[in-house]
1. So, in segment 97-113, exactly how many residues are buried (at least 18 other Cβ atoms within 10 Å of the Cβ) and without any contact (Cβ under 8 Å) to a residue 60 or more places away in the chain?
2. Sort out for me the helices (runs of 4 or more DSSP H) sitting completely within segment 176-248 that have 3 or more residues that are over 17 Å from the mean Cα position of the chain (by Cα).
3. How many residues are small (Gly, Ala, Ser) and buried (at least 19 other Cβ atoms within 10 Å of the Cβ) if we restrict to segment 216-248?
4. Can you pull out the residues in segment 290-328 that are touching an Asp or Glu at 6+ places or on another chain (Cβ under 7 Å) and hydrophobic (A, V, I, L, M, F, W, C)?
5. Give me a count of the residues in segment 55-78 that are surrounded by fewer than 24 Cβ atoms within 10 Å (Cβ to Cβ) and out of contact with any Lys or Arg (no Cβ under 9 Å at 6 or more places or on another chain).
6. What helices (runs of 4 or more DSSP H) lie completely within segment 249-347 and have 1 or more residues being among the acidic types (Asp, Glu), touching a residue at least 24 places away in the same chain (Cβ under 8 Å) and open to solvent by less than 30 Å² (accessible area, probe 1.4 Å)?
7. Residues that are within 20 Å of Gly301 (Cα to Cα), modelled with pLDDT of 95 or more and in contact with a helix residue (DSSP H, G or I) (Cβ under 7 Å, 6 or more places away or on another chain), at least 1 per element: which helices (runs of 4 or more DSSP H) completely within segment 31-150 meet that?
8. Restricting to segment 130-164, what's the tally of residues that are within 19 Å of Gln266 (Cα to Cα), free of Cβ contacts under 8 Å to residues at least 12 places away in the same chain and of a type in the set (S, T, N, Q)?
Amino acid sequence: MSTATTPADGRDERLAPTSALRRLLARPELGSVVGAAAVFVFFSIAAPTFLQASSLSTILYSASTIGIMAAPVALLMIGGEFDLSAGVMVTTSALVSSMFSYQMTANVWVGVGVSLLVTLAIGFFNGFMLTRTKLPSFIITLGTFLMLTGLNLGFTKLITGTVSTKTIADMEGFASARALFASQWTIGSVTLKVTVLWWLAIVAVATWILLRTRAGNWIFAVGGGADAARATGVPVVKTRIGLYMGVALCAWISGQHILFSFDVVQSGEGVGNEFLYIIAAVIGGCLMTGGYGSAIGSAVGAFIFGMTSNGIVYAQWNPDWFKFFLGAMLLLATLLNAWVRKRAEAK
């Protein structure tokens, strides 16, 4: 049996304080922070307008629309699962709010409340089906993705006769709902949208859950190995269902922002966005295998997305290259994350 080595002063090295550098190297978001700094410096040189205050507003807004969903998706990935229905679920929540309010001629807040219940029910369905059928989350949520895509288009055309919803801007409660989900403030040349505040709040809550609560320990345990977690008393079923309902809650917030920003909703929106959420989480340090990652890292990943998508425009490059850069960053981030974790485990 191996024993710990003891220095000449008699202290057990296992009880020695961990250095700040060693703790830094163990952080999941380390690679994404380095990457974000590199992207920032690169576009600062390549695009002079990148550093303007108005450009920062646009970057933050782009990052926030992805980051609101990337944080719960990161928690889900830490728990070892995926959700391919997250993108269209955002559109579903917006469609339900709009069409219910319009068809029932009800206060807009009634539609918002009904949308919350419907969206949470979708999240519960994903988690319940996963835990009961034992099928991979890829299959479960791919099925939900296809069903929601069809429902979004089918119900919208059935009720409105077109592929978009009717305007609800003149209905009671619209102004107050817009103030909560789609307001903005202008400070000098900087325009701050409320989604940035929603994003920061969600990341803060997700970080607190992961690092300061029993539920956070459960998430890491389930992602590290569900059978082992179950053997130690972790409520695996409740944890997984809770994670999927967390994704649904943030999808509801994103959906209401879309509705009250543009007044109408296109039924085909959201397809493909689920991959952007996953990419932001992976760039931020989450492993595809689960059990490792952070909500802060997902925020950094979303910020990298915002800088890249807008930096290409400011540099006046062909935007067709955006997906290439996104894919390259995903591969580099995955390799860097694996290297950082190996270094941390070695230490």
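The values are calculated or read from the model by the stated rules, or taken from the named source; none is laboratory data. Model, not experiment: these values are computed from the prediction. For neighbour counting, all protein chains shown are included, and Cβ atoms are generated from backbone atoms with ideal geometry for every residue, glycine included. Ligands, DNA and RNA are stripped out before the accessible areas are found, and what is left, the full protein with its side chains, is counted by its heavy atoms. Shrake-Rupley method; radii C 1.70, N 1.55, O 1.52, S 1.80 Å.
1. Residues that pass the stated criteria total 2.
2. Those helices (runs of 4 or more DSSP H) span 214-224, 226-231.
3. The qualifying residues number 7.
4. Listed by number, the residues that qualify are Ile296, Val300.
5. Selection size over segment 55-78: 5.
6. Output list reads 273-283.
7. Of the helices (runs of 4 or more DSSP H) lying wholly inside segment 31-150, those with at least 1 residues that are within 20 Å of Gly301 (Cα to Cα), modelled with pLDDT of 95 or more and in contact with a helix residue (DSSP H, G or I) (Cβ under 7 Å, 6 or more places away or on another chain) span 53-78, 86-103.
8. Matching residues across segment 130-164 total 1.
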